[in-house]
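Colleague: Can you read through this structure? Questions will come right after.
The values are calculated or read from the model by the stated rules, or taken from the named source; none is laboratory data. None of the values given here were measured: they were computed from a predicted structure. A quick note on method: Cβ atoms are made from the backbone with ideal geometry, for glycine too, and the neighbour counts reach across all protein chains shown. To get the accessible areas, we keep the full protein, side chains included, count just its heavy atoms, and leave off ligands, DNA and RNA. Shrake-Rupley method; radii C 1.70, N 1.55, O 1.52, S 1.80 Å.
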Amino acid sequence: MKRTLLSTTFALSCMLASCGEIHQGANTLKGGAQVMTASMGTPTNVLHKRPNFDDFAVFDLSNAGFAATIMAPKNARVIPHKTNLGVTVYGGKYFKMQLNKIQGTAQENTQAIRALATNKDLNPSFAKLEVDGATGYLKADKNGVLSFVHCVDANGETVVISSGMPYRLSPDKFTAYTRQDIQLMWKSAKTFKLK
């Protein structure tokens, strides 16, 4: 449990530090998606309009290290993180979701991450949980800005899905998501399915 808490603490601090970031590349994934790497230039066909869930498609994450699918914008790409083996699903500047793997169950990790995220000493901008569940939550800060964490059990590990991406990797450096942007990503995160 102590090891799980330490890995969860590290994962959460990475997620909290990076909400609102990402980068790019060109290795083709199944379904026409691409893996993006931090060393490449500006991606092509990046959506700079707000996506609509009705236009989403099944996005295969197999080549990104996750034997799973998720609903995402049709032009979405995967941008790998160099430091923590996580990835971001990048569907343009208004759609950025991080996926990371950590040890333990989804419920254990959700409890540990929630405890850190709602601790006002560690996270003074925290205001309230708008949605609170056994495997995830949607939280608001003092300015009403939303973020989320959704955890899924995956073969003895937990896949932690959260909003945003590391700023240093973001092709557009955009972080001003609306409540609707975050709610759309939250809806997408809940479509994550193991293959």
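Colleague: Go through T110, T42 for me and flag whichever is on the phi < 0 side of the Ramachandran plot, modelled with pLDDT under 95 and not in a strand (DSSP E or B). Talk me through it step by step, then tell me what you get.
Modeller: Working: T110 fails: modelled with pLDDT under 95.
So the residue among T110, T42 that is on the phi < 0 side of the Ramachandran plot, modelled with pLDDT under 95 and not in a strand (DSSP E or B) is T42.
Colleague: Ok, one more. Mind listing whichever residues of region 88-107 are part of a loop (DSSP other than H, G, I, E, B) and charged (D, E, K, R)?
Modeller: Result: K93, single match.
Colleague: A further question on this structure: Evaluate the following for K120: is it closer than 19 Å to F56 by Cβ and open to solvent by 60 Å² or more (accessible area, probe 1.4 Å)?
Modeller: The answer is no for K120.
Colleague: Another one. So for region 115-132 (the condition being under 14 Å from the mean Cα position of the chain (by Cα) and aliphatic (A, V, I, L, M)), does at least one residue qualify?
Modeller: Looking through region 115-132, none of the residues is under 14 Å from the mean Cα position of the chain (by Cα) and aliphatic (A, V, I, L, M).
Colleague: How many of the residues making up region 56-108 are aliphatic (A, V, I, L, M), surrounded by fewer than 17 Cβ atoms within 10 Å (Cβ to Cβ) and farther than 29 Å from D132 by Cβ?
Modeller: The number of residues fulfilling the criteria is 1.
Colleague: Which numbered condition in (1) open to solvent by 40 Å² or more (accessible area, probe 1.4 Å); (2) touching a His at 6+ places or on another chain (Cβ under 9 Å); (3) under 27 Å from K49 (Cα atoms) is the only one that S170 fails?
Modeller: Evaluating S170 over (1) open to solvent by 40 Å² or more (accessible area, probe 1.4 Å); (2) touching a His at 6+ places or on another chain (Cβ under 9 Å); (3) under 27 Å from K49 (Cα atoms) leaves (1) as the failure.
Colleague: OK, next. Which number in (1) open to solvent by 40 Å² or more (accessible area, probe 1.4 Å); (2) aromatic (F, W, Y); (3) within 13 Å of M97 (Cβ to Cβ) marks the one condition that F148 misses?
Modeller: For F148, the exception is condition (1).
Colleague: To continue, here is another question. Return only the number of the condition from (1) open to solvent by less than 30 Å² (accessible area, probe 1.4 Å); (2) under 25 Å from R50 (Cβ atoms); (3) among the aliphatic types (A, V, I, L, M) that V131 does not satisfy.
Modeller: Condition not satisfied by V131: (1).
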